[in-house]
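The values are calculated or read from the model by the stated rules, or taken from the named source; none is laboratory data. These numbers were taken from a predicted model, which means no experiment stands behind them. Cβ: placed from backbone, ideal geometry, glycine included. Neighbour counts: every protein chain shown.
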Amino acid sequence: MCKDCGCSSAIDNEIPTLKIEERTQQRRIEINQGILSKNDRLAEQNRNYFQSKGLFVINLLSSPGSGKTALIERMQIEQILQEYGESINLGVVVGDLATDNDARRLQHRGISAVQITTGNACHLEADLVFQAAQKLDLDSLDLLIIENVGNLVCPAAYDLGEDLRIVLLSVTEGEDKPLKYPTMFKSAQVVIINKIDLTEAVEFDRELAIANIQKIAPQAKIFQISAKTGTGINYLSTYLFSKKE
């Protein structure tokens with residue numbers, strides 16, 4: 001996948017070459033095996049490490065501008081899970097091609113956040129997440145959110161060691177995104193429809209969007225929220241509490 005879009009970091013040194021001699025000629029055959037095997041091994045190491053720290057880890061994915069950062073801000077504002085008598089300490093690893101704008105934005109909200117700038121890479125990988133997480137006080141955290149690079153293609157293939165994969169869909173993107181980017185939605189345990197306060201303004205068909213999600217990702221739990229107003233956050237909060245347990 002990433003070898004076609006120009007992001008080659010995941011396949012460096014991962015493609016073995018087999019040479020077969022036939023009489024005086026030589027044929028070169030490339031065997032594409034285990035392109036993601038290194039990342040998968042590191043992701044499992046991440047998962048074990050985070051579990052040893054008592055961390056519940058979410059991989060939050062979406063296209064650019066869908067509202068990932070706004071959702072995390074809203075979770076902080078609403079003191080997510082506090083209604084259950086628990087004070088949840090939240091940390092965030094943010095991924096973007098450039099700038100540390102989102103990390104600084106979250107830090108202004110009092111959230112422990114660290115930024116990964118990937119340059120030309122269109123996704124986060126397990127080793128990058130581990131390195132960034134070391135900059136946070138993990139022993140003081142209960143919930144770690146990985147805010148992935150805004151992209152509905154390549155990040156779907158990369159396990160980061162998360163417990164839960166959430167895909168965010170904004171009403172401004174249209175109802176057909178699950179049909180256009182099925183791999184991303186098929187990989188999700190949760191799909192959140194965000195910006196429902198704009199539903200009428202953009203003439204978004206909620207029923208059609210839900211039907212499309214269910215067609216592509218029948219396993220996914222669906223939530224409809226507005227990160228701006230807080231609508232629906234309590235239902236998401238209840239679900240996350242049950243998964244954390």
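Quick check: anything in the range 57-71 without any contact (Cβ under 8 Å) to a residue 60 or more places away in the chain and either over 16 Å from L141 (Cα atoms) or not hydrophobic (A, V, I, L, M, F, W, C) (or both)?
Taking the range 57-71 as the starting set, the residues that turn out to be without any contact (Cβ under 8 Å) to a residue 60 or more places away in the chain are none.
No - not one qualifying residue is present in the range 57-71.
Looking at the range 79-186, the helices (runs of 4 or more DSSP H) lying wholly inside it that each contain 2 or more residues that are basic (K, R) and either farther than 19 Å from L55 by Cα or without any contact (Cβ under 8 Å) to a residue 12 or more places away in the chain (or both) sit at 101-107, 177-180. Only one entry in A43, A70 is at pLDDT 60 or above, closer than 25 Å to I192 by Cβ, assigned to a helix (DSSP H, G or I) and in contact with a helix residue (DSSP H, G or I) (Cβ under 8 Å, 6 or more places away or on another chain), namely A43.
Every condition in (1) modelled with pLDDT under 95; (2) surrounded by 12 or more Cβ atoms within 10 Å (Cβ to Cβ); (3) under 27 Å from A220 (Cβ atoms) holds for S37 except the one numbered (2).
For the range 167-184, which positions are under 29 Å from Q45 (Cβ atoms) and buried (at least 24 other Cβ atoms within 10 Å of the Cβ)? Across the range 167-184, the qualifying residues are V167, L168, M184.
I want to confirm something. Restricting to the range 213-230 and keeping residues that are out of contact with any strand residue (DSSP E or B) (no Cβ under 8 Å at 6 or more places or on another chain) and at negative phi, which single residue is surrounded by the most Cβ atoms within 10 Å (Cβ to Cβ)? Write out each step before concluding.
Pass one, the range 213-230, residues out of contact with any strand residue (DSSP E or B) (no Cβ under 8 Å at 6 or more places or on another chain): 215-216, 218-219, 228-230.
Next, from what is left, pick out any that are at negative phi: 215-216, 218-219, 228-229.
Details: K215: 12, I216: 20, P218: 8, Q219: 11, K228: 16, T229: 12.
Among residues in the range 213-230 that are out of contact with any strand residue (DSSP E or B) (no Cβ under 8 Å at 6 or more places or on another chain) and at negative phi, the one surrounded by the most Cβ atoms within 10 Å (Cβ to Cβ) is I216.
Yes/no matrix, rows are residues, columns are (1) modelled with pLDDT under 95; (2) more than 15 Å from the chain's Cα centre (by Cα); (3) of a type outside the set (D, E, K, R):
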| residue | (1), (2), (3) |
| --- | --- |
| R105 | no, yes, no |
| A113 | no, yes, yes |
| N120 | yes, yes, yes |
| V129 | no, no, yes |
| Q134 | no, yes, yes |
| V171 | no, yes, yes |
| V202 | no, yes, yes |
| R206 | no, yes, no |
